[in-house]
Amino acid sequence: MDQNAALEIRHVGKSFDIGREQSLQAVSDVSFKAEKNSICVLLGPSGCGKSTILRMIAGLETPSAGDIVIGGRNFDGPGRDRGMVFQAYTSFDWLTVRCNVEFGMKINGVSRKHRRERAAHFIDLVGLGKFADAYPSQLSGGMRQRVAIARTLANDPEVLLMDEPFGALDAETRWLMQELMVEVADKTNTTMVIVTHDLEEAIFLADKIIFLSSHPGRLKEEIVPAFKQGQRIGEKEQAVKMAGYSELEAHLMRLMREEGRGLE
Amino acid sequence: MAQPSSSKSFFRLRKPVSRRQSLISGFAIWLVFFAVWIIASAAGLVNELLVPAPQQVFGTTYELFAERGFSSDVLISISRVLIAFAMATAVALPLGVLMGSFPAIEAISAPFISAWRYLPAPSFIPILLMWFGTGEAPKLALLFIGVIFFLVTLIMDHTKNVREELVETALTLGASRSVVVLKVILPAVLPDIVVALRQMLAMAWTYLVIAEIVASTTGIGAMMMRARRFLNTDEILAGIIIIGALGMMFDLLFAALHRWAFPYLRKA
Ligand SMILES: Nc1ncnc2c1ncn2[C@@H]1O[C@H](COP(=O)(O)OP(=O)(O)OP(=O)(O)O)[C@@H](O)[C@H]1O
Ligand SMILES: [Mg+2]
């Protein structure tokens, strides 16, 4: 047992029943760890099982093999210790931004006063202070995704899981959100596991990149971006200029291309 | 550039008309309808006994309310619809939401409930009369049977359409099953349920008229059957107009309820 790991995936596999006695091996023998308070990025070609792994961590799917340990504990099903942000919009349209952010705390019995304070804090953190009383339908796509992030963070999960959270956003909003996530990681004690297929996003965010190969999804390479020297970078343009950035990007591109060829 | 039709043309292909134009068009078509009716009556083109003039029908409508206590019939009809509809809703709403939320419940009740939809409700009238006699019960039962099975199925379908991500989000926030159903699925589906209720209320009016025409001495339908015996066509037509007006009124009330209860659906 690793004391520093917030999350351990051990030899996890997943096969889906796809009818007529057939099954599909989506993930096979994947192991990795996410250290406490780190950002771990799952990267790989489409269909390699990134979402499946994330959903197994969330407890929304059950692994067919291996086990997953959160803070030293096993779990059965979803729970508030593992918050998830989806690619699709998940705002509760009938609640204001404030009530959306308070939702998790409310159902977990956090006192009203405490709820208000925490919600206000996280709404400010994601820059939606002026919109606390607006309904989600009055917000843009990027703003709604920030509501989802604030709602999950305010619920104080040990691990924050995000499945291509910025996939539907335009480039500029996406940078801002990526920078926001780095800021959040620095300001809170959350461990993050983020799925993406955007190389730039992976390099910018990751303390560690887990690269998966497809059919079935296996661990291909575990990469710690050495050029960051253990420091997070606050701004995108700063990261791009750093020595070692483009080497890493080229390396990831090579990995992606190898996987692409595998499909042909 | 060649346009398919000039922008001034009346018949522009799939271009929305202005609010003014739609009001005028809607009003004009009714004006034409009544004009044809009035002219046909005045010119003696139709049998006065079978098709009384519109002014006579409206006069009779007024007379029915003012002098002949017709409002008690109307109130009875309204209360029948509302009571039966409230009972159907009280059963259909929880059942439909549970069936849409828990496939195990659907697996039990759906095969049973969907089969009943193929049985026309009026075919139960003879047996309902034998079971419940001639009081209010058989009428309420007919309306209930006519509405409930469709309502349950509609609510179940809408509930199933609540996006899976919403449910999964709630689960990862730590929600229990009952919290997911009551705090996420129910509020998410409620606007659609109100739309379904609005559609089914129109159906309830249909069954009300059938019940009152076939087996009642009170209510709007019964009044119309009485009028038939005395060849009072104007009263029959007045009844039709009242039923139409009531149906429209309740429809508008539901539309208003929808707007009032779900302000968040309005775009900013
Ligand atoms: N519920 C399911 N039933 C059957 N097969 C599934 C199910 N979920 C995922 N799969 C299969 O598992 C494999 C991995 O899917 P997954 O969604 O995890 O990939 P991904 O890496 O997230 O891809 P993408 O980048 O396109 O989102 C795919 O082949 C997919 O078809
Ligand atoms: Mg995916």
Of all residues making up the range A:164-176, the number that are buried (at least 22 other Cβ atoms within 10 Å of the Cβ) and touching a Lys or Arg at 6+ places or on another chain (Cβ under 9 Å)
1
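Looking for whichever is more than 10 Å from chain A (Cβ to nearest Cβ) and not in a helix (DSSP H, G or I) here; the options are B:T206, B:T217. Which one fits?
Every option except B:T217 fails the conditions.
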In the range A:80-94, what residues are facing another protein chain (nearest Cβ under 8 Å) and surrounded by 19 or more Cβ atoms within 10 Å (Cβ to Cβ)?
A:R80, A:R82, A:G83, A:M84, A:F86, A:T90, A:F92, A:W94
How many residues of the range B:86-106 are under 22 Å from B:S176 (Cβ atoms), without any contact (Cβ under 8 Å) to a residue 24 or more places away in the chain and not aromatic (F, W, Y)? The answer is 4
May I ask you to list pairs of residues, at least six apart or on different chains, whose Cβ atoms are under 9 Å apart, with the first in the range B:107-121 being in contact (Cβ under 8 Å) with a residue 40 or more places away in the chain and the second being of a type outside the set (A, V, I, L, M, F, W, C)?
B:A110/B:T153; B:I113/B:T153; B:A121/B:G146; B:A121/B:Y207
Note: among B:V194, B:V162, just one is within 13 Å of A:D93 (Cα to Cα) and more than 10 Å from chain A (Cβ to nearest Cβ), namely B:V162
Any chance A:E201 is among the acidic types (D, E), part of a helix (DSSP H, G or I) and within 16 Å of ligand 1 (Cβ to nearest atom)
yes
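With away from chain A (no Cβ under 14 Å), under 26 Å from B:G96 (Cβ atoms) and not in a loop (DSSP other than H, G, I, E, B) as the only criterion, which of B:L171, B:L186, B:L151 stands out?
When all the criteria are applied, what remains is B:L151.
Which members of the range A:149-168 meet the condition of being over 16 Å from A:G79 (Cα atoms) and away from ligand 2 (no atom under 16 Å from the Cβ)?
Matches in the range A:149-168: A:I149, A:A150.
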Residues that are away from ligand 2 (no atom under 16 Å from the Cβ) and on the phi > 0 side of the Ramachandran plot, at least 3 per element: which strands (runs of 3 or more DSSP E) completely within the range A:1-82 meet that?
none
Do you know which residues across the range A:40-78 are more than 17 Å from the chain's Cα centre (by Cα), within 16 Å of ligand 1 (Cβ to nearest atom) and within 14 Å of another protein chain (Cβ to nearest Cβ)?
A:T62
Go over the candidates B:V36, B:V81 one by one and state the one that is assigned to a helix (DSSP H, G or I), outside the structural domain of B:M200 (by TED's automatic domain parsing) and surrounded by 11 or more Cβ atoms within 10 Å (Cβ to Cβ).
B:V36
Among the residues in the range B:245-262, are any within 14 Å of another protein chain (Cβ to nearest Cβ) and surrounded by 15 or more Cβ atoms within 10 Å (Cβ to Cβ)?
yes
Please determine, by comparing only the residues of the range A:147-173 that are assigned to a helix (DSSP H, G or I) and modelled with pLDDT under 85, which one is nearest to the other protein chains (Cβ to nearest Cβ).
A:T173
So in the range A:27-37, with the set limited to residues that are surrounded by fewer than 21 Cβ atoms within 10 Å (Cβ to Cβ) and among the small types (G, A, S), which one is farthest from ligand 1 (Cβ to nearest atom)?
A:S31
Taking A:L180 as the residue in question, decide whether it is within 14 Å of the chain's Cα centre (by Cα) and within 14 Å of another protein chain (Cβ to nearest Cβ).
no
I'd like the residue in the range A:208-220 that is touching a helix residue (DSSP H, G or I) at 6+ places or on another chain (Cβ under 8 Å) and assigned to a loop (DSSP other than H, G, I, E, B) and, out of all such residues, is farthest from A:C48 (Cα to Cα).
A:H215
Any residue that is out of contact with any strand residue (DSSP E or B) (no Cβ under 9 Å at 6 or more places or on another chain) and not small (G, A, S) - is there at least one of those in the range A:200-214?
yes
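The values are calculated or read from the model by the stated rules, or taken from the named source; none is laboratory data. Remember, it's a predicted structure, so these values are computed and weren't measured experimentally. In this analysis, Cβ positions are derived from the backbone assuming ideal geometry, glycine residues included, and neighbour counts consider all displayed protein chains.
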